[in-house]
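A.B. asks: Mind having a look at this structure? Questions to follow.
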Amino acid sequence: LLAALEASHVDVAFGADGSMSAGPGGSNSSAGGDFSVPPGGIGDGFDLSALLPPTALQLGLLERRELFPSIVDRQVSVTATSLLAPTEAASETGLNGGQTQSPGSDAPSNAETSGIGTISIDAPDGIGSIVINGVTVTGVGQQIPGDFGFLTIVSFNPSTGAIEYNYTVTESVAHPNQTNGFDPNDTVPDNFSITVTDVDGDSASTTFAVAIVDDVPTAVADIDSVTEDGATVADGNVI
């Protein structure tokens, strides 16, 4: 037994009382290796890219897409044509007269009504309201007051907001520029404002105007008579 232990590098000692103890003897013989000496390096590395051919990195253009296109806020625009040329304006010559004024020089024609003007609206989110001079547009035949007459809705498309209108002057207008005789270019505008609001609250506004052509007085021959023995005062009016 002692020989086997010593062969295995185990030291055996006997005590004075006859006891026996055993322990490792000699240097430590381990099969796991000795790490008391630092391991050496593995050598310099090398660049793997040298093994690959040159490659150009290609990136396509980014495409912008809305995740929720139905909730994109789009703006509103409105365009209105004015009627300012003499050929399309309203004229006082067609006025039928009244308690405070005499008929126009071309009464009872329809010269007091203008030609046709147009209003175009672009509201991609949907039209909420159309307001002209503070009045909400509701349909064909509606009359909207101006300063010297009224605007009439001739046609109206609620889906697109397309509007056709005309204007009728209802009273004589004071013209600042005095002319000698009838002048179709002697006009005064009646101004209108329009505001369009879409369904989500965006709005756009613009203005337009209709010209009113001035009329001239018309002299009419008047005849009166007096009696020999009666009053010698005669009244008449050539206007």
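A.B. asks: Considering only the stretch 138-192, state which residues are of a type in the set (V, I, T), modelled with pLDDT of 90 or more and closer than 17 Å to A209 by Cα. Steps first, answer last, please.
C.D. replies: Step one: list which residues in the stretch 138-192 are of a type in the set (V, I, T), which gives 138, 140, 144, 152-154, 160, 163, 168-170, 173, 179, 187-188.
Now narrow it down to the ones that are modelled with pLDDT of 90 or more: 138, 140, 144, 152-154, 160, 163, 168-170, 188.
Once the filter is applied, which keeps residues that are of a type in the set (V, I, T), modelled with pLDDT of 90 or more and closer than 17 Å to A209 by Cα, the stretch 138-192 yields I144, T152, I153, V154, I163, T168, V169, T170, V188.
A.B. asks: Find all pairs meeting these conditions: Cβ atoms under 9 angstrom apart; at least six residues apart or on different chains; first residue within the stretch 127-144 and more than 15 Å from S159 (Cα to Cα); second residue at pLDDT 95 or above and of a type in the set (F, W, Y).
C.D. replies: Qualifying pairs under 9 Å: I132/Y165; I132/F192; N133/F192; Q142/F156; Q143/F150; I144/F150; I144/Y165; I144/F192.
A.B. asks: Can you tell me which residue is surrounded by the most Cβ atoms within 10 Å (Cβ to Cβ) among those in the stretch 78-98 that are among the aliphatic types (A, V, I, L, M) and under 16 Å from V188 (Cα atoms)? Let's see the steps before the verdict.
C.D. replies: Step one: list which residues in the stretch 78-98 are among the aliphatic types (A, V, I, L, M), which gives 78, 80, 83-85, 89-90, 95.
Retained after the next criterion (residues that are under 16 Å from V188 (Cα atoms)): 83-85, 89-90, 95.
Numbers: L83: 22, L84: 14, A85: 12, A89: 25, A90: 28, L95: 26.
Checking each candidate, the answer is A90.
A.B. asks: Enumerate the pairs (first residue in the stretch 150-173 and within 28 Å of G104 (Cβ to Cβ); second residue anywhere and among the charged types (D, E, K, R)) with beta-carbon separation below 6 Å, excluding pairs fewer than 6 apart on the same chain, so at least 6 apart or on different chains.
C.D. replies: Sorted first by the residue in the stretch 150-173, then by its partner, the pairs are V154/E164; S155/E164; T168/E112; V169/E112; S172/E92.
A.B. asks: Another question, if that's okay. What do you reckon, is T87 touching a residue at least 24 places away in the same chain (Cβ under 8 Å), of a type outside the set (G, A, S) and within 26 Å of D198 (Cα to Cα)? Walk me through how you get there before you give the answer.
C.D. replies: Values: touching a residue at least 24 places away in the same chain (Cβ under 8 Å): yes; of a type outside the set (G, A, S): yes; within 26 Å of D198 (Cα to Cα): no.
In short, no.
A.B. asks: Could you list, in sequence order, the residues of the stretch 119-145 that are of a type in the set (V, I, T) and in a loop (DSSP other than H, G, I, E, B)?
C.D. replies: V137, T138, V140, listed by residue number.
A.B. asks: In the stretch 193-238, what count of residues is obtained for those that are at pLDDT below 65, surrounded by 11 or more Cβ atoms within 10 Å (Cβ to Cβ) and acidic (D, E)?
C.D. replies: Residues flagged as at pLDDT below 65, surrounded by 11 or more Cβ atoms within 10 Å (Cβ to Cβ) and acidic (D, E) within the stretch 193-238 amount to 1.
The values are calculated or read from the model by the stated rules, or taken from the named source; none is laboratory data. Keep in mind that this is a model prediction, so the values were computed, not measured. All Cβ positions, glycine included, derive from the backbone under ideal geometry; neighbour counts span all protein chains shown.
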